[in-house]
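Taking it in order: structure first as structure tokens, then the write-up.
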Amino acid sequence: MQEVTEKKEFTPTIVAFCCNWCSYAGADLAGSSRLTYPANVKIIRVPCSCRVNPSFVLKAFQQGADGVILCGCHPGDCHYVTGNYYTRRRMALLYSFLNYMGIEKDRTCIEWVSAAEGAKFAAVMNDFVKKVTDLGENKRLTDLRVKEGE
Amino acid sequence: MKDVELKMLERAKALLEGGEVARVIGWKKGDFCYDVSPASFETVEELDGFVYNWFCGANLSKYLIEMSKKEGKTAVFLKPCDTYSFNQLVKEHRIKRENVYVIAVECLGKLDAEKIKAKGISLITDVEVVDKDVKVTSAYGVETLYKPDVVLTKCETCQKTHQVKDEEIILHERPERDVDRFAEVAKLEAMTEEERFAFWRSQLSKCIRCNACRNVCPACSCVKCVFDNPASGIAAKANDSDFEESMFHIIRAFHVAGRCTDCGECSRVCPQNIPLHLLNRKFIKDIDNFYGEYQAGETAEGKTPLTSYTEGDIEAKDVFNGEAK
Ligand code: SF4
Ligand code: SF4
């Protein structure tokens, strides 16, 4: 945490959509295990990774996110049995498409994190924050009106 | 083309007179040979305005959402590309198949009046096509153009064949051809992120948010559209931020992913000439690559790529593997 916030001037805003049953619990475990991950990761809890509509991802960027990460149960372990299989297809296509439109590919990410993987959660977030920090500010999918209001 | 039109007219008359159908959906003459428009004909007299010529590019299948719910059967003329949209709409339970009588009609590629006008020809009065020669008669005389230069963009790469028909009117066989509809997409993929961003910014910044692309699209047929919701945050339709343009186009294209038949109507109607097909085709290409070849509208049954999955599907992060940074 110190590393990221002190050495670089730019601190990215990260939005992390986490499913209630696995990844959110994983984040909880990371916290209770006193593992550190940057405070600029804003977690949004969703019932299932499949709840994340592509417009949520775009909205996050609009509202000032520099990176968006989606976390859910490992494929096969979905609380709703198959939700994350659909997520996987949807996000593979969306991320590929965003990149086709020129949005840097490291600004989007999807990772499977179970409730038992607190350490993985922290590692994934640290890694993603680093990548987005290297990329710099999101300039290609922002809303000037939102920026001005800040 | 005249012979095909006569045959179509004959069938339309017979169907209406015999009471087999309550209406026929086809194309109606305008003031000029190129401003034809989709129309519903309910009586033999109305058929006076019927036309089928080189400018009948419009896809008639979307009208069936409404028409197939009316009393009596509806006959419709569908070109090869239109039949995919028809199937897709039947699959999505938007068209009542049993209420529609499909007449598959031949198409050798339709012409784009704008492209002809761009060649400096105005006041077009008639067009005749022989093989690859387009003989355009205008107030200023006769000029011959090369057909591939003036067909609709969607016809340039079309290899479609009729997927559904109750009867057919095909008098001339269309020659088979070998074209790569993904060539342009591949070109964009080969660019850097910066170049792609610049390309799409320059294209999408032209968008006037007229919503024509949405309204014409057979796959875009929700009764209530997210873009009409004033609280969507993207409905200002003003150019105070380019975000609205990006959001509109990403969501529009994503929403039809796996359902877009590549009918090309969106690009055809765009008054700003934005190559919307290059957005849709990216999804089609990716779906083909990731999940196996899939053509929406080939049948009216089965699941679409985004409503199905396999356990071994590609992971989002592997999508970029092997791609240059
Ligand atoms: S997105 Fe365009 S090409 Fe695809 S179905 Fe709609 S109008 Fe046709
Ligand atoms: S038809 Fe063209 S200008 Fe109109 S909303 Fe669609 S892309 Fe924009």
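Every number here is computed from the coordinates shown, using simple stated rules; none is lab data. Source: prediction; values computed, not measured. Counting neighbours? That spans all protein chains shown, and the Cβs are built from the backbone with ideal geometry, glycine included.
Some points to look at:
- Relative intensity, log₁₀ I(q)/I(0), of chain B from a Debye sum that treats every alpha carbon as a point, q = 0.08, 0.12, 0.16 Å⁻¹: -0.41, -0.93, -1.50
- Rg/Rh (Cα only; Kirkwood hydrodynamic radius) as it applies to the protein assembly as shown: 1.04
- Amide proton proximity set for B:LEU78, modelled H, under 5 Å, gap of 5+: B:ILE103, B:ALA104, B:VAL105
- Computed from phi, the 3J(HN,Hα) profile of region A:31-45 under the Karplus parametrisation 6.51, -1.76, 1.60 (θ = phi - 60°) reads x, 6, 8, 6, 8, 9, 9, x, 6, 7, 8, 9, 8, 10, 7 Hz, with x in place of Gly and Pro.
- Expected-Rg normalisation [2.2 N^0.38 Å, Cα atoms] applied to region B:120-225: 1.48
- Loop chymotrypsin sites (Phe, Trp or Tyr not before Pro), region B:81-167, which have at most 14 other Cβ atoms in a 10 Å radius of their Cβ (DSSP): B:TYR140
- Kirkwood estimate for region B:230-325, i.e. one over the average of 1/r between Cα atoms, Å: 15.5
- Using the Stokes-Einstein relation with a Kirkwood hydrodynamic radius computed over Cα pairs, the translational diffusion coefficient of region B:172-296 at 4 °C and a viscosity of 1.567 mPa s comes to 82 µm²/s.
- On the beta carbon distance between A:VAL81 and A:ASP106, with R0 = 30 Å, the FRET formula returns roughly 0.45.
- Multiplying the residue separation of A:SER33 and A:LYS130 by 0.36 nm and removing their Cα-Cα distance gives an extension gain of 32.8 nm.
- Cα-only radius of gyration and Dmax that characterise region A:14-135, units Å: 13.4, 40
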